[in-house]
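Undergrad: Supplied in structure tokens, the structure appears directly below.
The values are calculated or read from the model by the stated rules, or taken from the named source; none is laboratory data. Computed from a predicted model, the values in this text were never measured in an experiment. A quick note on method: Cβ atoms are made from the backbone with ideal geometry, for glycine too, and the neighbour counts reach across all protein chains shown.
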Amino acid sequence: MHIAFLTPEYSHPSITQTAGIGTSIKNLATSLYNSGNNISIFIYNQPVQEIIDANGIKIYRIKKIKYKFLGWYLYRKHIEKFCNQIIKKENIEIIEAADWTGITAFMNFKIPLVIRFHGSDTYFCHLENRKQKLKNFWFEKLAIKNTQAFISPTTFAGEVSKKLFKIKGKKIQTIHNGLDINEFENTEPEKFEKHTILYIGTLIRKKGVLELPEIFSKVRNVFPETKLLLIGSDSFDIKTNSKSTWELMKKLFAKGDLNNVEYLGKIPYNEIQEHIKKANVCVFPTYAETLGMVTIEAMAMQKAIVNSNIGWSQELIRDKESGYLVHPSNHNLYAERITQLFKDDSLVLQLGKKARERAEEKFNINKLALENISFYQNIINSNKKTT
């Protein structure tokens, strides 16, 4: 089978802009390729036009084009034309796209189109109780309308998206995002830096980072030596129009607390694992997610985790068994869970061990690739019957 992905990002040294979508697609594409399938990656909004051979996976970078008028439409048609040429030339059988911004609105492909719910603007605005631009909803709604089937990384994300877009009569299959378990080994989980809290992810309001200063203060009331390490890109804040969420966070930390906070910004992906290994506790207090790649990476590395308890997260972690689930706004309980772990190293190791077992069971990309292959094949076969 020849499978293509249309995406705004992909994890590769030549691609500077990448996050959870890029990582999850890279993990899946690699496993699909290793299973004997041909893989093509179309990446739009790129600064250059080029083709990269990434160990057998062909990456097509589609250069961003600026138009005087109707750029939102004309660039989509340009992407469509480019993809259709490669689809015909390389005999691609199915193409998958992300829901974000409804990139496939106004596009028509010669093969079945599947959309994966990585998280649309409509979805995130709903979870954040934030007003959405009508244009953004329109694009995403049109993209949904032109799609044969959907994949959702969690049942929660699928059900919410189905309701928001009023999807009827089209299949929505839950298939978790996954990772190569063998690449996330922690052979010495008992070795970590005591009283160190690690957050990995974009510094943005929807990730719950503005809750961390008060949570951190409450933890330091019990363990004054506690340190907080933050890793990830800074971001514009949509509510205050601040150019930097980090600057907003700094104002929320007590003066003494800020001395124990270190913000590394965005660092190379291959360095992140070392920081995960060193952490006593990993925290992900997010309000809006479809799954959370970095959470399952930390699980695979046997870390004690205090995660958000909203919808999707209940499909990742079993509360009090493979981690803790707490609502981000419940600062007292969030801090209590962290201090509970600080007091009991055996509990840290116990939760970490169970987290690893759950990652192996639910998020092993090689198992999940087989589910994706079966899903794609069913869609291709159904399309042949109707044409």
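Undergrad: Among the candidates Asn45, Asn34, single out the residue that is at negative phi, polar (S, T, N, Q), surrounded by 13 or more Cβ atoms within 10 Å (Cβ to Cβ) and not assigned by TED's automatic domain parsing to the domain that holds Ile204.
TA: Asn34
Undergrad: Let me ask something else about it. Going by what's in this entry, would Ala105 be described as of a type outside the set (Lys, Arg) and in a helix (DSSP H, G or I)?
TA: Considered against the rule, which asks whether it is of a type outside the set (Lys, Arg) and in a helix (DSSP H, G or I), Ala105 comes out as no.
Undergrad: Looking for something surrounded by 17 or more Cβ atoms within 10 Å (Cβ to Cβ) and in contact (Cβ under 8 Å) with a residue 24 or more places away in the chain - is there at least one such residue anywhere in segment 62-72? Before you say what the answer is, go through the steps one by one.
TA: Within segment 62-72, the subset surrounded by 17 or more Cβ atoms within 10 Å (Cβ to Cβ) is 62.
From what's left, in contact (Cβ under 8 Å) with a residue 24 or more places away in the chain: none.
Taking every residue of segment 62-72 in turn, none turns out to be surrounded by 17 or more Cβ atoms within 10 Å (Cβ to Cβ) and in contact (Cβ under 8 Å) with a residue 24 or more places away in the chain.
Undergrad: Residue by residue through segment 369-379, note down the ones that are within 12 Å of Ser35 (Cα to Cα) and either in contact with a Cys (Cβ under 6 Å, 6 or more places away or on another chain) or surrounded by 21 or more Cβ atoms within 10 Å (Cβ to Cβ) (or both).
TA: Scanning segment 369-379 gives Ala369, Asn372.
Listed here are the residues, each with its yes/no results for (1) of a type in the set (A, V, I, L, M); (2) without any contact (Cβ under 8 Å) to a residue 24 or more places away in the chain; (3) in contact with a helix residue (DSSP H, G or I) (Cβ under 6 Å, 6 or more places away or on another chain).
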| site | (1), (2), (3) |
| --- | --- |
| Val283 | yes, no, no |
| Glu289 | no, no, yes |
| Ala298 | yes, no, yes |
| Ile305 | yes, no, yes |
| Asn309 | no, yes, no |
| Ile317 | yes, no, no |
| Pro328 | no, no, yes |
| His331 | no, no, yes |
| Tyr334 | no, no, yes |
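Undergrad: Going through segment 314-346 one residue at a time, which ones are surrounded by 14 or more Cβ atoms within 10 Å (Cβ to Cβ), part of a helix (DSSP H, G or I) and not charged (D, E, K, R)?
TA: Those that are surrounded by 14 or more Cβ atoms within 10 Å (Cβ to Cβ), part of a helix (DSSP H, G or I) and not charged (D, E, K, R): Gln314, His331, Leu333, Tyr334, Ala335, Ile338, Thr339, Gln340, Leu341, Phe342.
Undergrad: Any chance you could count how many residues in segment 122-152 are in a loop (DSSP other than H, G, I, E, B) and surrounded by 15 or more Cβ atoms within 10 Å (Cβ to Cβ)?
TA: The qualifying residues number 4.
Undergrad: Could you say whether any residue in segment 183-205 is part of a helix (DSSP H, G or I), within 30 Å of Glu271 (Cα to Cα) and touching a Lys or Arg at 6+ places or on another chain (Cβ under 7 Å)? Before the answer, list the steps.
TA: Of the residues in segment 183-205, the ones part of a helix (DSSP H, G or I) are 183, 205.
Those left that are additionally within 30 Å of Glu271 (Cα to Cα): 183, 205.
Imposing the further condition that a residue be touching a Lys or Arg at 6+ places or on another chain (Cβ under 7 Å) reduces the set to 205.
So far as segment 183-205 goes, yes, one or more of its residues are part of a helix (DSSP H, G or I), within 30 Å of Glu271 (Cα to Cα) and touching a Lys or Arg at 6+ places or on another chain (Cβ under 7 Å).
Yes/no matrix, rows are residues, columns are (1) in contact with a strand residue (DSSP E or B) (Cβ under 7 Å, 6 or more places away or on another chain); (2) under 18 Å from Phe109 (Cα atoms); (3) outside any loop (DSSP other than H, G, I, E, B):
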position: Asn45; (1), (2), (3): no, no, yes
position: Ile51; (1), (2), (3): yes, no, yes
position: Tyr60; (1), (2), (3): yes, yes, yes
position: Ile86; (1), (2), (3): yes, yes, yes
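Here is a yes/no grid of residues against (1) out of contact with any helix residue (DSSP H, G or I) (no Cβ under 6 Å at 6 or more places or on another chain); (2) not hydrophobic (A, V, I, L, M, F, W, C):
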{"position": "Leu341", "(1), (2)": "no, no"}
{"position": "Leu351", "(1), (2)": "yes, no"}
{"position": "Ala355", "(1), (2)": "no, no"}
{"position": "Glu361", "(1), (2)": "yes, yes"}
{"position": "Lys367", "(1), (2)": "yes, yes"}
{"position": "Tyr376", "(1), (2)": "yes, yes"}
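Undergrad: In this structure, is Ile39 over 18 Å from the mean Cα position of the chain (by Cα), touching a residue at least 12 places away in the same chain (Cβ under 8 Å), within 21 Å of Ile151 (Cα to Cα) and crowded, with 20+ Cβ neighbours inside 10 Å?
TA: yes
Undergrad: For segment 87-97, which positions are under 9 Å from Ser40 (Cβ atoms) and surrounded by fewer than 16 Cβ atoms within 10 Å (Cβ to Cβ)? Walk me through how you get there before you give the answer.
TA: Going residue by residue through segment 87-97, those that are under 9 Å from Ser40 (Cβ atoms) are 87, 90, 92, 95.
If the condition is that a residue be under 9 Å from Ser40 (Cβ atoms) and surrounded by fewer than 16 Cβ atoms within 10 Å (Cβ to Cβ), then Glu90 is the only one that fits.
Undergrad: Any chance segment 295-307 includes a residue that's out of contact with any Gly (no Cβ under 9 Å at 6 or more places or on another chain), among the charged types (D, E, K, R) and surrounded by 17 or more Cβ atoms within 10 Å (Cβ to Cβ)?
TA: The answer is yes; a qualifying residue exists.
Undergrad: If you check Lys163, Lys227, Lys206, Lys243, which single one turns out to be surrounded by fewer than 17 Cβ atoms within 10 Å (Cβ to Cβ) and either modelled with pLDDT under 95 or assigned by TED's automatic domain parsing to the domain that holds Ala298 (or both)?
TA: Only one candidate qualifies: Lys243.
Undergrad: Here's another thing I want to ask about it. Hey, among the residues in segment 166-176 that are within 30 Å of Leu134 (Cβ to Cβ) and not small (Gly, Ala, Ser), which one's modelled with the lowest pLDDT? Give the steps one after another, and end with the answer.
TA: Looking only at segment 166-176, we keep the residues that are within 30 Å of Leu134 (Cβ to Cβ), and these are 166-174.
Of the ones still in play, those that are also not small (Gly, Ala, Ser) are 166-168, 170-174.
Details: Lys166: 95, Ile167: 94, Lys168: 91, Lys170: 88, Lys171: 85, Ile172: 93, Gln173: 95, Thr174: 96.
By that ranking, first place goes to Lys171.
Undergrad: Residue by residue through segment 187-222, note down the ones that are under 22 Å from Arg130 (Cβ atoms) and small (Gly, Ala, Ser).
TA: Gly201, Gly208
Undergrad: Next question, about the same structure. Starting from segment 16-28, keep only residues that are of a type in the set (Lys, Arg), then list their pairs with residues that are crowded, with 22+ Cβ neighbours inside 10 Å whose Cβ atoms are within a distance under 7 Å, requiring at least 6 positions of separation or different chains.
TA: Here the result reads Lys26/Tyr10, each pair linking segment 16-28 to a residue that is crowded, with 22+ Cβ neighbours inside 10 Å.
Undergrad: Taking the criterion of being without any contact (Cβ under 8 Å) to a residue 60 or more places away in the chain and among the aromatic types (Phe, Trp, Tyr), would at least one residue in segment 91-113 satisfy it?
TA: Yes; the residues of segment 91-113 include at least one that is without any contact (Cβ under 8 Å) to a residue 60 or more places away in the chain and among the aromatic types (Phe, Trp, Tyr).
Undergrad: Which of the strands (runs of 3 or more DSSP E) contained wholly in segment 260-312 include at least 3 residues that are in contact with a Pro (Cβ under 6 Å, 6 or more places away or on another chain)?
TA: none
Undergrad: If you check Lys110, Lys133, which single one turns out to be basic (Lys, Arg) and under 18 Å from Tyr73 (Cα atoms)?
TA: Lys133
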